[in-house]
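Trainee: Handing you a structure now.
The values are calculated or read from the model by the stated rules, or taken from the named source; none is laboratory data. As the structure is a computational prediction, the values presented were derived from the model and not from experiment. Here the Cβ is made from the backbone with ideal geometry for all residues, glycine too, and neighbour counts use every protein chain on show. Ligands, DNA and RNA are stripped out before the accessible areas are found, and what is left, the full protein with its side chains, is counted by its heavy atoms. Shrake-Rupley method; radii C 1.70, N 1.55, O 1.52, S 1.80 Å.
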Amino acid sequence: MNFDEVLQLIGGFGRFQKTLYVWICLPQIFLAFHMLVSIFTAAVPPHMCRSSASSSSSSALGTPLNFTLHLEAGSCSYGNQSGVEVAAGGAGELGSSSSSSSSSSSSSSSSCPGGWEYSSEVFHNTIVTEWDLVCDRASLNNIGSSIYMFGLLVGAVGFGSLADKYGRRAVVLGSLAIQAVFGVGAAFAPNFYVYTALRFMVGMSVSGVIMNVFVLGTEWTGLKQRMLAGVITDYFFGFGYITLAGVAYVIRDWRQLQLAISAPGFLFIVYIWLLPKSARWLMANNQKEEAWKLIQKAAQMNGVSQSKDLEMLRVSVHDLQLGREAPGGRKHSFIDLIRTPKMRKQSLIVFYLWFANVFVYYGLSLNISDFGMNIYLTQMIFGLVEMPARTITLFTLNRSRKISQLAFLAVGGMACLLTIFVPAELPAVRTTLAMIGKFGITASLSIIYVYSAEVFPTVIRQNGIGIGSMCARMGGVLAPMLHFLRGVSPLAPMVLCGLCPLLGSALTLMLPETANKHLPDTVEDVEGPDLSEEDGGVKPPLVVMVASPQHERGGARTAH
């Protein structure tokens with residue numbers, strides 16, 4: 001038998017799993033806060049640079065500053081209004097808010113004898129206004145965002161390996177602790193460099209939590225309800241996306257906002273007593289007695305009675321072979337992702353899908369977010385747009401993971417390509433197509449979490465998702481660079497946003513269908529019985545267990 005059949009006997013989505021999902025979903029709200037908070041904390045409000053004389057005279061006369069200056073967002077241009085030098089920078093989004101100076105104005109911006117003055121109409125205080133990250137110092141804001149994204153990448157690699165070695169639960173608990181401590185610390189950072197270092201640690205912790213709560217839920221869920229592990233958690237992330245707009249609207253000071261989204265993280269200390277380990281991981285690491293205790297607890301919570309059949313299951317569980325070590329003594333590692341032919345092909349395709357989804361997701365967000373509306377309303381719209389995209393996957397995933405993935409990638413890619421044929425004088429049509437593209441990519445991004453967890457076998461699943469997440473973060477880091485392609489052609493960013501998903505859609509055809517299939521536990525399960533010994537293949541031992549019909553869900557079954 002395999003572990004999916006164990007779950008079927010004890011209840012694939014009973015009270016135990018539903019309770020687990022409560023604990024899994026709650027952190028997702030705060031993950032969204034940390035991922036997106038820099039839209040507000042690093043925003044660049046309109047700002048002015050005074051000369052010393054005009055600054056002192058205006059202060060003495062109580063003259064209010066005039067920030068009603070309509071300049072191109074992201075520029076650093078100067079004018080002169082009654083002896084006052086004026087500059088304006090636009091707020092970026094999705095964690096990369098910045099104001100970049102042109103070479104022609106950098107020299108003048110480096111000397112601001114009267115100091116910078118910032119509009120407080122929208123933001124009372126941001127890291128930009130506190131540390132003057134404008135004009136010649138605006139690049140520091142971009143660097144800070146890149147370092148945070150690099151933290152996500154490092155966390156994806158590091159916590160993936162640690163989770164396979166020490167377990168999903170241990171890494172989740174450690175990541176939540178890091179997130180709370182360093183998140184609160186960032187609210188009290190004395191300077192930009194300390195703040196950036198603390199945000200780097202928060203980024204690492206976000207990857208640790210995102211990957212491992214998802215895998216933990218997947219490994220405890222029956223195959224028919226497995227897709228909920230990705231889609232339900234995505235809903236809570238989307239809820240955090242929308243809620244952040246309200247929280248930031250109420251709290252306009254960046255330090256208070258950072259503290260408000262971080263301090264509640266200390267409440268997750270209760271997870272020490274609430275969050276269970278993965279029985280599948282315990283069995284894969286030959287800790288079968290502890291795995292059996294968890295299986296027994298899950299069975300009791302799901303209302304499965306203590307019977308002779310459950311005792312037979314205990315014997316079978318202790319005989320089940322899912323170990324990290326093959327009989328020859330070889331331990332599994334990330335090398336197993338590319339060591340054998342089928343595993344190598346599937347791994348490389350999944351890694352590209354991770355990259356393409358996140359790259360286009362953030363690339364589109366950078367292109368379609370300028371609605372000319374209030375930033376808080378724009379943030380809410382961004383969150384609301386994603387909800388139907390996540391909802392539709394609930395109706396498609398059970399039928400086919402493969403077709404769902406390639407279809408939504410194709411929709412997203414085609415919509416992006418079509419925008420290049422729409423005249424500039426029809427902005428509403430272009431925006432509508434871009435939103436359809438974002439709809440498709442958001443749905444595809446939800447699916448890849450589920451799909452990749454089902455493609456990789458248990459013994460290297462966390463390594464696979466960790467490297468996949470690393471590729472995704474690389475896409476996130478590169479997405480802002482689409483702006484530079486406009487120097488080549490104004491259409492180049494959307495062409496790239498269209499071609500990347502279409503290539504991913506074609507590659508998806510070479511992946512296996514995993515809907516309503518058992519999760520592979522070993523590399524041999526992926527490669528099949530013909531895997532040769534020179535490839536490191538070891539045929540798993542035959543284990544037989546027969547359970548009576550009254551404890552089977554879906555009919556009598558003989559497990560092999």
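Trainee: Is it true that some residue in segment 209-228 is hydroxyl-bearing (Ser, Thr, Tyr), modelled with pLDDT under 85 and at negative phi?
Mentor: Yes, the conditions are met somewhere in segment 209-228.
Trainee: For VAL181, work out the one condition from (1) closer than 16 Å to ILE467 by Cα; (2) open to solvent by 10 Å² or more (accessible area, probe 1.4 Å) it doesn't fulfil.
Mentor: Of (1) closer than 16 Å to ILE467 by Cα; (2) open to solvent by 10 Å² or more (accessible area, probe 1.4 Å), only one is false for VAL181: (1).
To keep it simple, each residue is scored yes or no on (1) modelled with pLDDT of 80 or more; (2) surrounded by fewer than 17 Cβ atoms within 10 Å (Cβ to Cβ); (3) in contact with a His (Cβ under 9 Å, 6 or more places away or on another chain); (4) of a type outside the set (Phe, Trp, Tyr).
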| residue | (1), (2), (3), (4) |
| --- | --- |
| GLN8 | no, no, no, yes |
| VAL22 | yes, yes, no, yes |
| GLN28 | yes, no, no, yes |
| VAL37 | yes, no, no, yes |
| ALA53 | no, yes, no, yes |
| SER59 | no, yes, no, yes |
| GLU72 | no, yes, no, yes |
| GLN81 | no, yes, no, yes |
| VAL84 | no, no, no, yes |
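Trainee: Being at pLDDT 75 or above, out of contact with any strand residue (DSSP E or B) (no Cβ under 6 Å at 6 or more places or on another chain) and hydrophobic (A, V, I, L, M, F, W, C) is the requirement here; does PHE3 meet it?
Mentor: Taking the combined requirement at face value, the residue does not satisfy it.
Trainee: Of all residues in segment 382-417 being open to solvent by less than 40 Å² (accessible area, probe 1.4 Å) and not in a helix (DSSP H, G or I), which is farthest from VAL231 (Cα to Cα)?
Mentor: For segment 382-417, the residue satisfying everything is SER400.
Trainee: Return yes when VAL172 is assigned to a helix (DSSP H, G or I), among the β-branched types (Val, Ile, Thr) and open to solvent by less than 10 Å² (accessible area, probe 1.4 Å) and no when it is not.
Mentor: yes
Trainee: Which one is nearest to the chain's Cα centre (by Cα), of the residues in segment 142-160 that are small (Gly, Ala, Ser) and farther than 23 Å from VAL128 by Cα?
Mentor: Restricting to residues being small (Gly, Ala, Ser) and farther than 23 Å from VAL128 by Cα, the top hit is ALA156.
Trainee: Of a type in the set (Asp, Glu) and modelled with pLDDT under 80: does that describe ASP253?
Mentor: The answer is no for ASP253.
Trainee: Tell me which residues, restricted to segment 487-506, are open to solvent by 40 Å² or more (accessible area, probe 1.4 Å), part of a helix (DSSP H, G or I) and either under 30 Å from TRP281 (Cβ atoms) or not aliphatic (A, V, I, L, M) (or both).
Mentor: GLY487, the sole residue that qualifies.
Trainee: Among residues belonging to segment 272-287 that are in a helix (DSSP H, G or I) and buried (at least 19 other Cβ atoms within 10 Å of the Cβ), point out the one that is farthest from the chain's Cα centre (by Cα).
Mentor: MET283
Trainee: State all residues of segment 158-169 that are under 23 Å from TYR195 (Cα atoms) and crowded, with 17+ Cβ neighbours inside 10 Å; if no residue qualifies, say none.
Mentor: PHE159
Trainee: With respect to ALA186, determine if the residue is part of a helix (DSSP H, G or I) and touching a Ser or Thr at 6+ places or on another chain (Cβ under 8 Å).
Mentor: Yes; evaluated as a whole, the condition is true for this residue.
Trainee: Right, another one. Write out, first by first residue and then by second, each pair whose Cβ atoms fall under 8 Å of each other, whose residues are 6+ apart or on separate chains, and whose first residue, in segment 235-260, is of a type in the set (Lys, Arg) while the second is outside any loop (DSSP other than H, G, I, E, B).
Mentor: Short answer, once both residue conditions are applied: ARG252/ASN125; ARG255/ASN125; ARG255/ALA187.
Trainee: Of the residues GLU513, GLU534, GLU524, which is assigned to a helix (DSSP H, G or I), charged (D, E, K, R) and modelled with pLDDT of 70 or more?
Mentor: After applying the criteria, what remains is GLU524.
Trainee: Further question on the same structure: Take the residues of segment 132-156 that are touching a Gly at 6+ places or on another chain (Cβ under 6 Å) and either among the aliphatic types (A, V, I, L, M) or not in a helix (DSSP H, G or I) (or both): which is farthest from ILE272 (Cα to Cα)?
Mentor: Checked segment 132-156; the qualifying residue farthest from ILE272 (Cα to Cα) is VAL134.
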